[in-house]
1. Could you report the chain's accessible area per residue, 1.4 Å probe, as an integer in Å²?
2. Would you work out what percent of the accessible area of the chain, with all protein chains in place, is carbon or sulfur (probe 1.4 Å)?
3. List the equivalent ellipsoid semi-axes of the chain in whole Å, largest first, each obtained as the square root of 5λ for an eigenvalue λ of the Cα gyration tensor.
4. What full-extension length gain, to one decimal in nm, is calculated for K31 and F18 as 0.36 nm per residue of separation minus the Cα-Cα distance?
5. What ³J(HN,Hα) values, in whole Hz, does the Karplus curve 6.51 cos²θ - 1.76 cosθ + 1.60 give for the stretch 47-60 when θ = phi - 60°, with x put for Gly and Pro?
6. Taking H placed 1.01 Å from N in the peptide plane, check which residues at least 5 places from K40 or on another chain put their amide H under 5 Å from its amide H.
7. Amide H of W24 versus every other amide H placed in the peptide plane: which residues, excluding those fewer than 5 positions away on the same chain, fall under 5 Å?
8. Using label points projected 7 Å from each Cα along Cα→Cβ, tell me how many nm separate K49 and R10, to one decimal.
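The values are calculated or read from the model by the stated rules, or taken from the named source; none is laboratory data. Just so we're clear, the structure is a prediction, and the values are computed from it rather than from any experiment. Every residue, glycine as well, gets a Cβ built from its backbone with ideal geometry; the counts of neighbours run over all protein chains shown. What goes into the accessible areas is simple: the full protein's heavy atoms, side chains included, and nothing from ligands, DNA or RNA. Shrake-Rupley method; radii C 1.70, N 1.55, O 1.52, S 1.80 Å.
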Amino acid sequence: GNLSAKLLRRIEGDQCHFLTITEWDSYDSIKKFAGENYFKAKYYELDRKYLLEFEENVVHYETYEY
């Protein structure tokens with residue numbers, strides 16, 4: 001189900017901010033990846049080595065082509 005992933009980076013002083021954007025084919029695919037509570041952010045053990053903050057939730061948007 002994952003169609004694409006983008007990582008946006010912004011430098012602010014001595015900190016680097018990241019925004020991860022993923023595109024999926026369906027909400028069911030997102031649930032298979034993230035679990036039934038797919039609004040809760042999913043992190044990996046390695047993330048603790050690099051990230052200063054951990055957002056609790058994610059935001060989902062729908063895309064439309066015309």
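1. Numbers: 6440 Å² over 66 residues.
Accessible area per residue: 98 Å².
2. Working: 3300 of 6440 Å².
Of the solvent-accessible surface of the chain, carbon and sulfur hold 51 percent.
3. Numbers: eigenvalues 114, 54, 19 Å².
In descending order, the three semi-axes are 24, 16, 10 Å.
4. Values: separation 13, 0.36 × 13 = 4.68 nm, distance 2.30 nm.
So the extension gain works out to 2.4 nm.
5. 4, 5, 6, 10, 9, 8, 10, 10, 5, 7, 10, 10, 10, 9
6. Residues meeting the criterion, in which the H sits 1.01 Å from N, are V58.
7. Counting only residues 5 or more places away or on other chains, the set is L3.
8. So the label points at K49 and R10 sit 2.7 nm apart.
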